[in-house]
Amino acid sequence: MRRPDTTTRLRSVTAAALVLGLATGLAACGSGDEDARQNAGQDAAEATPHGYVEGAEEATEPQLRLAVSDADAGTLTLVDLLTGDTVQTEDAAELHGSDNRYLFTTGEDVTTVTDSGVWTVDHGDHFHYYRSEPGTVGEVPAGKPGHVMSADTRVAFFDDASGDVKVYPRADLDDDVLEPVTEFSVGAHHGVAVPFANQVVSTLAPAAEDAELPDTLAVIDEAGEKSDLAGDATCTDIHGAATVRDAALFACADGVLTVTQEDASDTLTGTLIPYPEDAGGRAWSLAAGRDLVGVPFEDGGLGLLDPESGTWAVAPTDAPVTSATVSPDDGSVLALDEDGTGYAVDPETGDILADSALVDSADSADSASVVLGTERGYVSDPASGTVTELDVADGLRETREFDLGGAPGALAVTGGK
């Protein structure tokens with residue numbers, strides 16, 4: 001894999017939990033019996049389901065949509081994965097981030113937040129599924145828009161030109177509100193800020209003027225106050241970040257630095273996990289599932305890291321991996337190399353379960369992308385103008401093809417659990 005320059009944007013699709021709630025009450029008058037009050041309360045709850053947003057329709061199954069970015073044409077297309085129909089195509093800069101509902105497209109001086117219109121609300125013992133019309137939430141201006149990280153209940157936007165970071169409550173996006181609750185500056189550089197455990201872990205501008213990438217992390221609280229990261233805080237040449245359920249992760253020159261929180265303490269601790277001996281160089285990006293992280297090595301091979309145990313499995317590939325994805329439940333891993341070969345990888349052992357030529361032209365494989373939903377995988381082919389759906393568990397069998405034209409590149413799946 002070629003070493004990206006400092007303007008390269010992280011394309012891995014990080015997973016964020018949807019925490020939406022709507023309190024519904026019903027006043028009871030007089031001395032009516034308890035059963036009547038309970039039935040009335042139940043009727044009100046059924047009339048206004050948990051997680052409901054005005055204008056949305058509740059469904060009985062996940063309402064999945066595939067987002068397809070065409071950077072050449074400057075468009076973002078949403079495909080209904082239940083019907084295969086195109087929901088909409090709109091003018092948009094290139095897709096550089098997403099969570100399970102929202103899409104973040106970054107242009108020269110602004111990042112646009114788009115609501116894909118589908119989402120799932122987890123209530124522990126059951127789920128609620130919703131669909132609505134997609135739409136634009138708003139824009140976040142910046143001198144040089146950088147990484148966007150959606151994690152926990154917040155979304156952080158990084159401005160490379162100034163080092164300014166703006167953090168927004170994710171729940172506000174449901175109401176088309178973009179008002180930052182935390183703002184701070186860490187100095188101009190190509191960096192990243194990751195919301196984690198009610199705080200933000202951010203890179204700091206490198207001390208050396210000729211340094212291209214940062215090498216230090218700090219913790220910023222909700223008031224914008226900075227403190228040191230406990231444990232390992234140095235991560236040479238940081239490029240690549242992701243979150244899993246219990247950790248924030250950063251790709252360094254010599255390993256992956258994991259940030260965790262101990263018990264109920266506000267202290268965040270960094271631990272550097274060195275790359276395995278059979279790693280083909282360092283990683284420049286990270287792809288996270290629920291508890292598993294895909295780590296593409298620049299000279300070939302895909303590392304699979306369990307951040308909790310610090311253990312690795314390595315999947316051999318014939319060429320450097322340009323795009324990798326882990327399913328939301330950690331049950332599947334899919335990778336694409338620079339020759340256009342796709343790999344289904346065993347998430348526990350790193351064994352190659354199947355490989356297949358997924359992108360015909362090696363020249364376009366570098367801008368192709370793969371993404372996994374819970375049940376299917378998807379690969380874009382800029383040369384053919386198509387996105388192919390794959391049954392990853394069945395030897396990468398092709399199940400559908402979406403002929404979108406143009407040069408489809410970055411992908412995201414929204415609406416799942």
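The values are calculated or read from the model by the stated rules, or taken from the named source; none is laboratory data. As the structure is a prediction and not an experimental result, all values here were calculated from the model. Please note: Cβ atoms are built from the backbone with ideal geometry, for glycine as well, and neighbour counts cover all protein chains shown.
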Filter the stretch 312-340 down to residues that are without any contact (Cβ under 8 Å) to a residue 40 or more places away in the chain, assigned to a strand (DSSP E or B) and not hydrophobic (A, V, I, L, M, F, W, C), then give me how many there are.
-> 1
Mind checking whether some residue in the stretch 362-370 is within 22 Å of Arg101 (Cα to Cα), in contact with a Pro (Cβ under 9 Å, 6 or more places away or on another chain), modelled with pLDDT of 95 or more and not in a loop (DSSP other than H, G, I, E, B)?
-> no
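On the given criteria, is Ala193 out of contact with any Ser or Thr (no Cβ under 7 Å at 6 or more places or on another chain), modelled with pLDDT of 95 or more and buried (at least 23 other Cβ atoms within 10 Å of the Cβ)?
Numbers: out of contact with any Ser or Thr (no Cβ under 7 Å at 6 or more places or on another chain): no; modelled with pLDDT of 95 or more: yes; buried (at least 23 other Cβ atoms within 10 Å of the Cβ): yes.
Against the criterion (out of contact with any Ser or Thr (no Cβ under 7 Å at 6 or more places or on another chain), modelled with pLDDT of 95 or more and buried (at least 23 other Cβ atoms within 10 Å of the Cβ)), Ala193 does not qualify.
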Can you tell me which residue in the stretch 216-251 is nearest to Leu304 (Cα to Cα), limited to those that are of a type in the set (Gly, Ala, Ser) and in a loop (DSSP other than H, G, I, E, B)?
-> Gly240
State the number of residues belonging to the stretch 158-188 that are more than 18 Å from Asn100 (Cβ to Cβ) and in a strand (DSSP E or B).
-> 10
Of (1) in contact (Cβ under 8 Å) with a residue 12 or more places away in the chain; (2) over 30 Å from Ala205 (Cα atoms), Gly124 satisfies all except one. Which?
-> (1)
Among (1) closer than 18 Å to Val333 by Cα; (2) of a type in the set (Val, Ile, Thr); (3) surrounded by fewer than 19 Cβ atoms within 10 Å (Cβ to Cβ), where does Val293 come up short?
-> (3)
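Going by what's in this entry, would Val387 be described as among the β-branched types (Val, Ile, Thr) and in a loop (DSSP other than H, G, I, E, B)? It would help to see each step written out before you state the result.
On the way: among the β-branched types (Val, Ile, Thr): yes; in a loop (DSSP other than H, G, I, E, B): no.
For Val387, the condition - among the β-branched types (Val, Ile, Thr) and in a loop (DSSP other than H, G, I, E, B) - is not met.
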Name the single residue, out of those in the stretch 135-154 being over 18 Å from Ile238 (Cβ atoms) and in contact (Cβ under 8 Å) with a residue 60 or more places away in the chain, that is surrounded by the fewest Cβ atoms within 10 Å (Cβ to Cβ).
-> Thr153
Does Thr89 fit the bill of being modelled with pLDDT of 95 or more and either on the phi < 0 side of the Ramachandran plot or among the β-branched types (Val, Ile, Thr) (or both)?
-> yes
Restricting attention to the stretch 41-72, which residues are surrounded by 17 or more Cβ atoms within 10 Å (Cβ to Cβ), part of a loop (DSSP other than H, G, I, E, B) and at pLDDT 90 or above?
-> Pro62, Gln63, Leu64, Ala71
For the stretch 273-297, which residues satisfy the criterion of being part of a strand (DSSP E or B) and under 17 Å from Thr243 (Cβ atoms)?
-> Ile273, Ala283, Ala287, Ala288, Val293, Gly294, Val295
Hey, Val155 hits all of (1) touching a helix residue (DSSP H, G or I) at 6+ places or on another chain (Cβ under 8 Å); (2) in a loop (DSSP other than H, G, I, E, B) but one; which does it fall short on?
-> (2)
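What number of residues within the stretch 298-309 satisfy the criterion of being in a loop (DSSP other than H, G, I, E, B), touching a residue at least 12 places away in the same chain (Cβ under 8 Å) and either surrounded by fewer than 18 Cβ atoms within 10 Å (Cβ to Cβ) or among the acidic types (Asp, Glu) (or both)?
If we filter the stretch 298-309 for residues that are in a loop (DSSP other than H, G, I, E, B), which is where we start, we get 298-301, 307-309.
From what is left, the residues that are touching a residue at least 12 places away in the same chain (Cβ under 8 Å) are 298-301, 307-308.
Adding the requirement that they be either surrounded by fewer than 18 Cβ atoms within 10 Å (Cβ to Cβ) or among the acidic types (Asp, Glu) (or both) leaves 298-299, 308.
Selection size over the stretch 298-309: 3.
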Is it the case that some residue within the stretch 403-416 is surrounded by fewer than 22 Cβ atoms within 10 Å (Cβ to Cβ), without any contact (Cβ under 8 Å) to a residue 60 or more places away in the chain and of a type in the set (A, V, I, L, M, F, W, C)?
-> no
What are the pairs, 6+ residues apart or on separate chains, where a residue within the stretch 379-392 that is within 19 Å of Val326 (Cβ to Cβ) has its Cβ under 7 Å from a residue that is of a type in the set (Lys, Arg)?
-> Glu389/Arg376; Glu389/Arg400; Leu390/Arg376; Leu390/Arg397; Asp391/Arg376; Asp391/Arg397
Can you tell me which residue in the stretch 152-176 is modelled with the highest pLDDT, limited to those that are out of contact with any strand residue (DSSP E or B) (no Cβ under 8 Å at 6 or more places or on another chain) and of a type outside the set (Asp, Glu)?
-> Ala161
